[in-house]
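Okay, so here's the structure we're looking at.
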Amino acid sequence: MKYIFIALLLIFTGIIQAQTPKELPIIPKPVSVKYNTGVCTLTPGITIWYTDPSLKTTADFVSKMLAVPGKGKLRTAFAEKAPSGKGIILALDGSIPQEEGYRLVSANNIVISGKTAKGVFYGVQTLYQLISANKTTAAVAIPRVVIDDYPRFPWRGMHLDVSRHFFDKEFIKKYIDLLALHKMNTFHWHLVDDQGWRIEIKKYPRLTEVGAWRVDHEDLPWNNRPAQKPGEKATYGGFYTQDDIKEIVAYAADRFITIVPEIEMPAHATCAVAAYPYLSCKQQPLTVPSGGFWPITDIYCAGNDSVFLFLQDVLTEVMALFPGKYIHVGGDEATKTNWETCPKCQARMKAENLKDVGELQNYFISRIDKFLTSKGRTLIGWDEILEGGLAENATVMSWRGISGGIHAARMRHDVVMTPASHCYFDYYQSKDKEIEPPAFGGLIDFKTVYSYEPVPAELTPEEAHHILGAQGNMWSEFLTTKSHTEYMALPRLTALSEVVWTPANLKNEASFLSRLNNLYNIYSSLGYNYHIPAPGGLIDTMIFINTASIDLKNPFPFGKILYTLDGSAPNLKSKVYTTPQKIASQTTVKAMLALDNGKTSWVKQGVFVLKTPDAPAEVSAPVNGLHFNYYEGAVNSVNQIASLPLVKSGNTTKIAIPEGFTSDVMAFTFDGWIKVPETGVYTFKLISDDGSQLLINSKIVINHDGPHGPEPREGQVALQKGLHKLQVKYFEAGGGETVQLYIRGENMPEKEVSPEMLFIEK
Ligand code: ACM
Ligand code: ZN
């Protein structure tokens, strides 16, 4: 018996080892790690040797990074041949094939070598994460390993909008540090937008005297801020002097990060027009807007040569400050109505034989493209620059999905992928919009970011070569503080770093989750704020009939769930959740996730409500079908649908926009009965773009009202077997449109509510 037990134990141990291979808690995951036995111990007295003068900055960096509190920085020293003894040795090694590649060997010493200083710097970031995971108060002992590592993509970017909200120089450096920690190499600095010009241009001082300041309406919602009134002072804003910019560019260069400055044109430039009204078609004075109203029609005049002289002057100063190859010129969301009526723009179209304002935008961007190309730089712009033809040397940043990127790559233009579906870090990162700080409408959690594959499957290998990489965009309409901005970046930037660095076949979500704990600890130690998802398993209201089970889910293989059942807010001393728990009466559950470092998620609340199932309806002669009413016009709420003219009524088969209805502003109500196969609790899921509402037996089960993208929302109801009155109200307020209804029950896997389940009276 005993021997069998031991044998089983060995087998089990074997299985466990096979299932959970040793893995270093490093993000992005390195390409290759070989393990040797034993550990490499680092003690406070060690020296950091650098064997090439180009590595001095990186050596200083390591020295600061590994500084022992109270004992100061570690010693750095140059030596062509590093001594054997304890130390960290930084070296160049021409045999490493990849430009940004490195090799890290930990044995008696730690040797980090790279083909270039950049590779060495990335090896140092890996070492930093390794040390963080392995330090105790007494010493650091890291595993003996050989790591060979290099990035998948040459463009590993993060963007920051400093126009909608201004962030000071110190924060920009902290943001750059965050990029460096994740081996990102590109910082896209969105320096100009309607609401603020943020870069000093010596030749045009009013750009920052006037364009950098707006009336302070920070107390009002972004989309509801009045224009500056006569006599009102513009006090919100700020800008970077050219000295600030030089300092930041040098700071980034020390961390091997290239800054891509963005100077928006021909639109998103109200601040410039406010400073110099002659730049617009109408040439009328206006003020810098304090928030967003849309569309903004004042854009640069494409028919006025003085505008191009101005832009060339601005770009000349910009190029003198930013040594990188790429200059971003925006190009997005240009409302061109003024161009349609402006005599100068019309004259330009005639002279240049341009058939519409789309071609005029192409003329505009192409003219700037030629200028930048003549200076040895490359123009990059948002995918709208494809409209009306693509400028000859332009690189495209694909944000409205991936089709712009595919189109450009097929035209043999380089592309950076940054689709709003995966790369917009100003969107919410959880469904709990009530408890999250304010964000843009959509939902992009870090798992969605992690799932992103930057190379579209449609491309041939040759076309795919034009995908330079991907980038996360941080628009700041809703980001009023530094801490909120960090919260929006982390851990989505963490996920993106693996998307752009690690080979696609090595990506694995479970592995990523297990490695995230170390990064969370690093963020805490460096003073960054970050998002922690709340425990899963709770929705606002959970209906039950007899008993229910509280079944909470920790999204991570680390940390713990703390919860209460008495309505009080959980704290670090609350009960730790371990296993599902049965309840038989109404119960309010409040739960949060606590990391090992003590930082906690938001509190998620769910109320379990005991209900008697609704009795079925008596319907004489039911036949399959669903009735709909169609209304035309613009509304912002399902409650306004009744005020619209009823245009058509008819029958359909399921909850969906019936064929043939294509208006961009319309509404529907759907009425009928739904048949459920057994008595029980049913969970409905309504996906709609824009707002919708589900009523069962005339009670609201899901309220998904207000304008929004195609997001899901769930609600529950207890029903007896049989027919129940169903109504869905839905409106479409512009852009994409959809409405779909799903159902699941205790014994029914989730499915779309199908025509066989829906009835009307004959
Ligand atoms: C963008 O989001 N307008 C590029
Ligand atoms: Zn014009």
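Mind checking the log10 I(q)/I(0) for the range 111-204 at q = 0.10, 0.18, 0.22 Å⁻¹? Debye, one equal scatterer per Cα, no solvent, two decimals. Relative scattering, expressed as log10 I(q)/I(0), comes to -0.43, -0.93, -1.13. For the range 157-201, a Kirkwood hydrodynamic radius built from all Cα pairs, placed in the Stokes-Einstein relation at 25 °C and 0.890 mPa s, yields a translational diffusion coefficient of 221 µm²/s. Expressed to the nearest 5 percent, the antiparallel share of DSSP beta bridges inside the chain is 65 percent. In whole Å, what is the distance between the alpha-carbon centres of the range 688-747 and the range 180-197? One Cα centre to the other: 40 Å.
Each of ASN703 and ASP219 was given a label point 7 Å from its Cα along the Cα-to-Cβ line. The distance between the two points is 2.8 nm.
The trypsin sites (Lys or Arg not before Pro) of the range 503-601 meeting both criteria, a DSSP state outside H, G, I, E and B (loop) and at most 11 other C-beta atoms within 10 angstrom of the site's C-beta, are LYS573. Under the simplified labelling scheme, the LEU610-LYS370 pair shows an inter-label distance of 8.0 nm, with each label point 7 Å from Cα along Cα→Cβ. Compute the relative contact order of the chain as a whole-number percentage, counting only Cα pairs closer than 8 Å that sit 6 or more residues apart in sequence. Rounded, it is 8 percent for the chain. Post the alpha-carbon centroid distance, the range 545-612 to the range 337-414, in whole angstrom. Spelled out, the Cα-based centre of one part sits 54 Å from the other.
Think of a 1.4 Å ball rolled over the protein heavy atoms: the range 222-376 then has 41 Å² of accessible area per residue. Per residue, the chain reaches -7500 deg cm²/dmol at 222 nm when only DSSP H runs of four or more residues are counted, each adding -39500 (n - 2.57). How large is the direction-averaged shadow of the alpha-carbon convex hull of the range 398-451, in nm²? Computing the convex hull of the Cα atoms and averaging its projections yields 3.9 nm².
When only the Cβ of Lys, Arg, Asp and Glu is charged (+1, +1, -1, -1), the dipole of the range 290-413 relative to its Cα centre reaches about 360 debye. Sorted from greatest to least, the principal axis extents spanned by the alpha carbons of the range 663-744 come out as 40, 20, 17 Å. From most to least packed by mean Cβ count within 10 Å, the peptides 612-621, 700-709 give 700-709, 612-621. For LYS135, a cut-off of 18 angstrom between C-alpha atoms picks up these aspartates and glutamates, skipping any fewer than 8 places away in its own chain: GLU23, ASP596.
Could you compute the FRET efficiency for THR297 and SER754, with r as their C-beta to C-beta distance and R0 at 51 Å, rounded to 0.05? Don't skip to the end; give the middle numbers.
Values: r = 47 Å, r/R0 = 0.92.
For R0 = 51 Å, the calculated efficiency reads 0.65.
Long hydrophobic helices in the chain: the complete DSSP H runs spanning 20 Å or more by Cα along their own axis with mean Kyte-Doolittle hydropathy of at least 1.6 are 2-19.
For the range 150-303, the carbon plus sulfur part of the accessible surface works out to 54%, probe radius 1.4 Å.
Cross-link partners for LYS355 among the lysines, with Cα-Cα distance under 25 Å and sequence neighbours closer than 8 places in the same chain left out: LYS282, LYS336, LYS344, LYS370. Working from Cα pairs under 8 Å separated by at least six residues, relative contact order for the range 345-472 is 19 percent. Once the mean of 1/r is taken over each pair of separate Cα atoms and inverted, the chain shows a Kirkwood hydrodynamic radius of 29.3 Å. A Cα-only calculation for the range 539-585 places Rg and Dmax at 11.9, 34 Å. Using the beta-carbon distance between LYS582 and ILE545 and R0 = 22 Å, what value does 1/(1 + (r/R0)^6) give for FRET efficiency, to the nearest 0.05? For R0 = 22 Å, the calculated efficiency reads 0.95.
Lys/Arg Cβ at +1, Asp/Glu Cβ at -1, dipole of the range 638-732 taken about the Cα centre: which of SER698, GLN720, PHE731 is farthest positive-ward? Of SER698, GLN720, PHE731, it is GLN720.
Carbon-plus-sulfur accessible fraction, the range 658-747 (probe radius 1.4 Å, protein heavy atoms only): 46%. Taking one quarter of the surface of the C-alpha convex hull of the range 351-451 gives a mean projected area of 8.7 nm².
The residue list ILE296, PRO226, ASN185 was ranked by how far each Cα lies along the charge dipole of the range 173-296 toward its positive end, using unit charges on Cβ atoms, and ILE296 comes out on top. Placing a label point 7 Å from the Cα of HIS627 along the Cα-to-Cβ direction, the residues of the range 709-743 with a backbone N closer than 16 Å are 724-729. Normalised by the number of residues in the range 397-447, the mean separation of alpha-carbon contacts (under 8 Å, six or more apart) gives a relative contact order of 30 percent. Compute the distance from the alpha-carbon center of the range 506-525 to that of the range 278-322, in whole Å. Their Cα centres are 44 Å away from one another. By the Cα gyration tensor, the range 158-274 has an equivalent ellipsoid whose semi-axes, rounded to whole angstrom, run 27, 15, 12 from largest to smallest.
Between GLN346 and GLN312, how high is the FRET efficiency from 1/(1 + (r/R0)^6) when r is the Cβ-Cβ distance and R₀ = 25 Å? Nearest 0.05. Calculated transfer efficiency: 0.60.
What the phi angles of the range 442-455 give under the Karplus curve with 6.51, -1.76 and 1.60, with θ = phi - 60°, is a coupling list of x, 10, 9, 8, 5, 6, 5, 4, 4, 6, 6, 10, x, 8 Hz, glycine and proline written as x.
Label separation (ASP305 vs ALA77): 6.6 nm, computed from points 7 Å beyond Cα along the C-beta direction.
Ordering ALA642, LEU74, MET158 by the projection of their Cα atoms onto the charge dipole of the chain, which places +1 on the Cβ of Lys and Arg and -1 on the Cβ of Asp and Glu, puts LEU74 at the extreme positive end. Taking a straight Cα-Cα cut-off under 24 Å and skipping sequence neighbours fewer than 8 places away in the same chain, the lysines within cross-link reach of LYS375 are LYS202, LYS203, LYS246, LYS325.
Rg and Dmax, both from the Cα atoms of the range 46-188 and both in Å, are 16.1, 54.
The values are calculated or read from the model by the stated rules, or taken from the named source; none is laboratory data. Since we're looking at a predicted model, the values are computed, not measured. All Cβ positions, glycine included, derive from the backbone under ideal geometry; neighbour counts span all protein chains shown. Areas reflect the complete protein model, heavy atoms only, side chains present, ligands, DNA and RNA absent. Shrake-Rupley method; radii C 1.70, N 1.55, O 1.52, S 1.80 Å.
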